[in-house]
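Inspection log for the structure reproduced underneath, given as structure tokens.
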Amino acid sequence: LAGQPKLRTVKYYRLSEVEERNSSKSTWIIINYKVYDVTKFLEEHPGGEEVLREQAGGDATESFEDVGHSSDAREMATSFVIGELHPEDRPKIQKPPVRRRVVSSHSWWTNLVIPGLAAAVVTLLYRLYMSEE
């Protein structure tokens, strides 16, 4: 009806269904409990086809997060979502914690000044040690 939000139906896949899809003809992966059909993306993947093939039929969440995909890559990935992992199968795979990059206003301090001071102290101590001989 007009003005009412559309209900989204979710297609659930069992882990065993995803595990069967690990060939060049059909390549599925799981990222954050979402099921992706990346078959048509294999040749286009910037990291190479092998990277996706290694994850085929299983949970690629940790690998996907470790690489640090850009927001553009994450946006593109949404076009390959075909459903979600069935809730009963979710405990069978380990979902890693979401890693958030913390940006500190003191990063210049810790990245430049502190190592510089440490180097100065070490140099001073070395000179004092050498002058006593």
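Suppose the filter is assigned to a helix (DSSP H, G or I), modelled with pLDDT of 90 or more, under 21 Å from PRO91 (Cα atoms) and out of contact with any His (no Cβ under 9 Å at 6 or more places or on another chain); does VAL18 pass it? Considered against the rule, which asks whether it is assigned to a helix (DSSP H, G or I), modelled with pLDDT of 90 or more, under 21 Å from PRO91 (Cα atoms) and out of contact with any His (no Cβ under 9 Å at 6 or more places or on another chain), VAL18 comes out as yes. Annotation: of all residues in segment 34-51 being closer than 26 Å to GLU88 by Cβ and not in a strand (DSSP E or B), the one that is farthest from the chain's Cα centre (by Cα) is THR39. Considering segment 80-97, the residues that are at pLDDT below 90, open to solvent by 100 Å² or more (accessible area, probe 1.4 Å) and not basic (Lys, Arg) include one that is farthest from THR27 (Cα to Cα), namely PRO97. The residues of segment 52-87 that are assigned to a helix (DSSP H, G or I), among the acidic types (Asp, Glu) and closer than 18 Å to LEU15 by Cβ, listed by number, are GLU54, GLU62.
The values are calculated or read from the model by the stated rules, or taken from the named source; none is laboratory data. Please read these numbers as outputs of a predicted model, since none were measured by experiment. Positions of Cβ are backbone-derived with ideal geometry, glycine not excepted, and every protein chain shown enters the neighbour counts. Only protein heavy atoms, including side chains, enter the accessible area calculation; ligands, DNA and RNA are left aside. Shrake-Rupley method; radii C 1.70, N 1.55, O 1.52, S 1.80 Å.
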